[in-house]
Amino acid sequence: MSDTLFLILSVLTVAMALLVVLNKNAVNAAMCLLLSLAGLAGLFVLLDAPLLAFVLILVYAGAVVALFLFIIMLLDTTPGSFKPFKPLTIAAAVLGAALLGLGIWSLFGRAVLPDAPASVPVPTMKHHAEMLFTTYLLPVQVVGFLLLIAMLGVIVLSKKYTAPEDAK
Amino acid sequence: MIEFWNSLHPLLQAVIKGLAVIGVMFPFGGACSLIERKISAAMQGRPGPNRAIPFWFAWVPVIGPFLQRLGVFHLMADGGKMFFKEDPVPGHVNKFYFYLAPVVGMIPALTTVTVVPFGAYLNEAGQLVPLVLANLDVGILAVFAVSSLGVYSLILAGWSSNSKYPFLGGIRASAQLISYELSMTLSVLPVFLWVNAPGGEGTLSLFHVVGAQDGAWFGLWMPLCAIIFLVALFAETNRLPFDMAEGEADLVGGFHTEYGAMKWGLFFVAEYSHMLIGSGVFVLLFLGGWNPLPWVPLSDVAAWLHLADQPLLLGLLSIGIFLGKTLFFIFLFMWVRWTVPRFRYDQVMKLGWQKLLPLALGNLIFYAILIAWLQPKFSH
């Protein structure tokens, strides 16, 4: 049962992730991203991590993709209004392929995968909270600070500052 | 009968329970439109729908005229019309998303109901057992997560209609719903700070929240949380005075301008289902769920009425108490609709970001300090 579900969900996730990249219509791509995230959330549920699954849905599917759609609609990106290939695209593709190759090489050639323990207690809310507030306190703070900087950056970049007399 | 029920396959049990809940939710959406018409009529001093009746039903004494004056047959005629009338699809729309949008609206509305407990009964051991389709430990998070997907229905409907007013409606909906989600989530945190006393395993389950309200209801000593949640709820369900996405005064019909027949009807069933679930979650969080009165928990009532060993009757009683409170909030939604005029769009955004969000943050800090001070005194 869970093996079948795993197959269905992982195929859904990967196929939709591919469609995000290959789709010419930006709205279609955003909807595929939504389905891919839903599949990912399903995989988290299969791994007994419902908290992660619902946070993923709440933050990414519920807010981030909605904002993507919001921007896509405001910019009206009709298909074909962009050049498919630029010199930068080739550089990015080479870099991406190199990273992928490096990842695969290190996985098969170098990685030491420990055996999965026979049984793991299902993490409760308390475990998550304890980890976030003790072991991973610094990363959480750093990521929070990074997000704050990004937010301030967006405000500075997007707001047009006018001198007081111009504003009239 | 109970033995027969227990002998069924668990999957079949789940399907039957799910269909039963949907069977209540779906007609309820229609009934809400009747309640809405009757309440708006009462508030404007007119009788409201009170004429239609099939001629053979008029022969039934007392009940016939009563149902006629209640306007039940207007509702049925309306529902029948929506199912059978021609369903025009304008030529300029994106057909796939145009058909998809109303369906997408129904999915979160009917999915969130699975994690909302709507009653409880005492088992043989004398413990309270919730009546719920899926008693998840992440309860409230699941409600927030799944209901946040409702925004796609409005965005897709607005975008796929491919004309100006629906488009504006869709844009407004996406901005408004995301803005108010923040204050909504922040406003319930004090409740869960109190429920998760030190030493516990940690839970976000709505059932435990009701269990923590055997004494004082949270709405009584966290009134600000309740008010922020309620205001955000109005905005999240797109009800007046926040129905920016629809705004028939300035946007014709907003996101559903191009829709007709049952596709249009589905948007309304989804809106009413959202209202019902939102009110239910409010009752569970702040008004004691199925506890009839503050300081009077359900188990005390069961002891007084000698219902402790009759799970069926106690379950029905608890569902009745819970639904009664929820229906009051449905009434409140309609009361507010016909009392408060619609905000301007910039006022909605100002209220969300500059008033509610700082208020919710300050409220959270205040209650975090208060609970840290109070909780040690209660736990001993």
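The values are calculated or read from the model by the stated rules, or taken from the named source; none is laboratory data. All of these numbers come straight from a predicted model, not from anything done at the bench. When we count neighbours, we look across all protein chains shown, and the Cβ atoms used for this are built from the backbone with ideal geometry, even at glycine.
Residues that are away from chain B (no Cβ under 14 Å) number at least 3 in the following helices (runs of 4 or more DSSP H) confined to the range A:53-142: A:87-105. B:Ile228 fulfils the conditions (1) more than 10 Å from chain A (Cβ to nearest Cβ); (2) assigned to a helix (DSSP H, G or I); (3) within 22 Å of B:Trp290 (Cβ to Cβ) except for a single criterion, (3). Put simply, of A:Val21, A:Val120, A:Val59, A:Val112 the only residue that is modelled with pLDDT of 85 or more, of a type in the set (Val, Ile, Thr), over 24 Å from B:Leu177 (Cα atoms) and out of contact with any Leu (no Cβ under 7 Å at 6 or more places or on another chain) is A:Val21.
Figure legend. Inter-residue proximity from the range A:67-80: first residues more than 16 Å from B:Val151 (Cα to Cα), second residues aliphatic (A, V, I, L, M) and at pLDDT 65 or above, beta-carbon distance below 8 Å, spacing 6+ or different chains. Indicated pairs: A:Leu74/B:Ile171; A:Thr77/A:Ala26; A:Pro79/A:Ala26.
Would the range B:92-102 turn up any residue that is within 14 Å of chain A (Cβ to nearest Cβ), crowded, with 23+ Cβ neighbours inside 10 Å and at pLDDT 85 or above? Yes, some residue in the range B:92-102 is within 14 Å of chain A (Cβ to nearest Cβ), crowded, with 23+ Cβ neighbours inside 10 Å and at pLDDT 85 or above.
To keep it simple, each residue is scored yes or no on (1) crowded, with 24+ Cβ neighbours inside 10 Å; (2) more than 10 Å from every other protein chain (Cβ to nearest Cβ); (3) closer than 24 Å to B:Glu258 by Cβ.
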| position | (1), (2), (3) |
| --- | --- |
| B:Ala109 | yes, yes, yes |
| B:Asn135 | no, yes, no |
| B:Ala142 | yes, no, no |
| B:Leu156 | yes, no, yes |
| B:Ser160 | no, no, yes |
| B:Ser163 | no, yes, yes |
| B:Gly199 | no, no, no |
| B:Ser205 | no, no, no |
| B:Gly219 | no, yes, no |
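No other residue among B:Leu220, B:Leu230, B:Leu240, B:Leu293 is in contact with a helix residue (DSSP H, G or I) (Cβ under 6 Å, 6 or more places away or on another chain) and not acidic (Asp, Glu) apart from B:Leu240.
Residues in the range B:165-181 that are within 30 Å of B:Leu370 (Cβ to Cβ) and either assigned to a loop (DSSP other than H, G, I, E, B) or within 9 Å of another protein chain (Cβ to nearest Cβ) (or both): B:Ile178, B:Glu181. Considering the conditions (1) at pLDDT 85 or above; (2) in a helix (DSSP H, G or I); (3) of a type outside the set (Ser, Thr, Tyr), B:Leu67 is excluded by exactly one of them, (1). Could you check, for the range A:18-39, whether at least one of its residues is outside any helix (DSSP H, G or I) and within 11 Å of chain B (Cβ to nearest Cβ)? Yes. You will find that of B:Gly170, B:Gly211, the residue that is surrounded by fewer than 23 Cβ atoms within 10 Å (Cβ to Cβ) and in contact (Cβ under 8 Å) with a residue 60 or more places away in the chain is B:Gly211 and no other.
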